[in-house]
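Notes to accompany the following structure.
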Amino acid sequence: MIDDTAIEVSRSPDKLKEFLNVQAKFDMYSAANTLLIFKQMPNATQLKSFEDWNKDGVKVRQKQKSIAILEPVEYTKSDGTPGLGYNVKRVFDRSQTNSKREAVQKTDDLKHTLKNFVNASPVEIVVGEIPNSNLGAFYNFETQQITLNENLTDTKQIFECLAQEVAFAQLADGKKSYSRRDEGFKAVCLAYMICTKYGVDKNAFAIEALPDNWKKADAKDIRRELSSVNSAYKEIVSRVNDEIYRQRQAKSKEMER
């Protein structure tokens, strides 16, 4: 199912967008598990096992079909070395339960979100001129900086431009060499998910222009590309969450004075 769905999303821009929307919601899940969720219940919002829903005092309604995902399990091989396997785990979405409460994610003011996003960037962001370019922002691999066009004033446009360049910076993180062209489509997918996550318009990102290497790739290669985007997305979201926590702690200490 994972392989078939990987091929499916790599051949259709609409399917890929739908998959990225699911991945944006489930930022803690692997690309493989997101493919499984997308195939079985793309409108899912919150997943838990039958037992975990019960612990929360929530009952899964009768005759609901579970969603199969993979759960990593560590084990010891015959030679004594550690190994990693996977078990099938059955989960249910909140919509399949008797819960009256919807899983709604709180969204902050866009300017506040932008501030947290900038503070959580993997590289320094500076404001200045971008020579010989009409770009709103540009990531420079050599200087490890993102330059934001000094003429931009609209918060939404600033966020969109920075989302893509932060995506480039995160995809290049830890690499000795970097090609903007090679990372281009993955950066677009990553920026699309970032804007989806934080409630910013994502129509500026050309998901429709599927690269030829995606349309011709086998399932293994597509899964590798999606996993690369997934890892970068998790890292960005994790840093933003850390920044939000730091801000809240600082505000709490300020109120105690």
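The values are calculated or read from the model by the stated rules, or taken from the named source; none is laboratory data. What you are looking at is a predicted structure, and each value in this text was computed from that prediction instead of being measured. Virtual Cβ from ideal backbone geometry, glycine too; neighbours counted across all protein chains shown. With ligands, DNA and RNA removed, areas are computed over all heavy atoms of the protein, side chains included. Shrake-Rupley method; radii C 1.70, N 1.55, O 1.52, S 1.80 Å.
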Which numbered condition Ala44 misses (of (1) surrounded by fewer than 16 Cβ atoms within 10 Å (Cβ to Cβ); (2) assigned to a loop (DSSP other than H, G, I, E, B); (3) aliphatic (A, V, I, L, M)): (1)
Residues being in a helix (DSSP H, G or I) and open to solvent by 10 Å² or more (accessible area, probe 1.4 Å) - total across segment 1-25: 13
When residues of segment 47-70 are limited to those that are among the acidic types (Asp, Glu) and modelled with pLDDT of 95 or more, the one surrounded by the fewest Cβ atoms within 10 Å (Cβ to Cβ): Glu51
Residue selected from segment 191-238 under the condition among the polar types (S, T, N, Q), part of a helix (DSSP H, G or I) and open to solvent by 30 Å² or more (accessible area, probe 1.4 Å), by the criterion farthest from Asn21 (Cα to Cα): Asn213
In segment 178-190, residue nearest to Val166 (Cα to Cα) [restricted to those that are small (Gly, Ala, Ser) and surrounded by fewer than 19 Cβ atoms within 10 Å (Cβ to Cβ)]: Gly184
Pairs, first modelled with pLDDT of 95 or more in segment 228-257, second exposed (fewer than 13 other Cβ atoms within 10 Å of the Cβ), C-beta under 9 Å, six or more apart: Lys234/Met28; Val237/Met28
Subset tally (residues that are over 29 Å from Asn21 (Cβ atoms) and in a loop (DSSP other than H, G, I, E, B)) for segment 47-81: 7
Strands (runs of 3 or more DSSP E) wholly inside segment 82-177 that include at least 2 residues being farther than 27 Å from Glu243 by Cα, of a type outside the set (S, T, N, Q) and open to solvent by 30 Å² or more (accessible area, probe 1.4 Å): 82-93
Some residue of segment 120-133 being under 19 Å from Leu16 (Cα atoms), of a type outside the set (Asp, Glu) and modelled with pLDDT of 95 or more: no
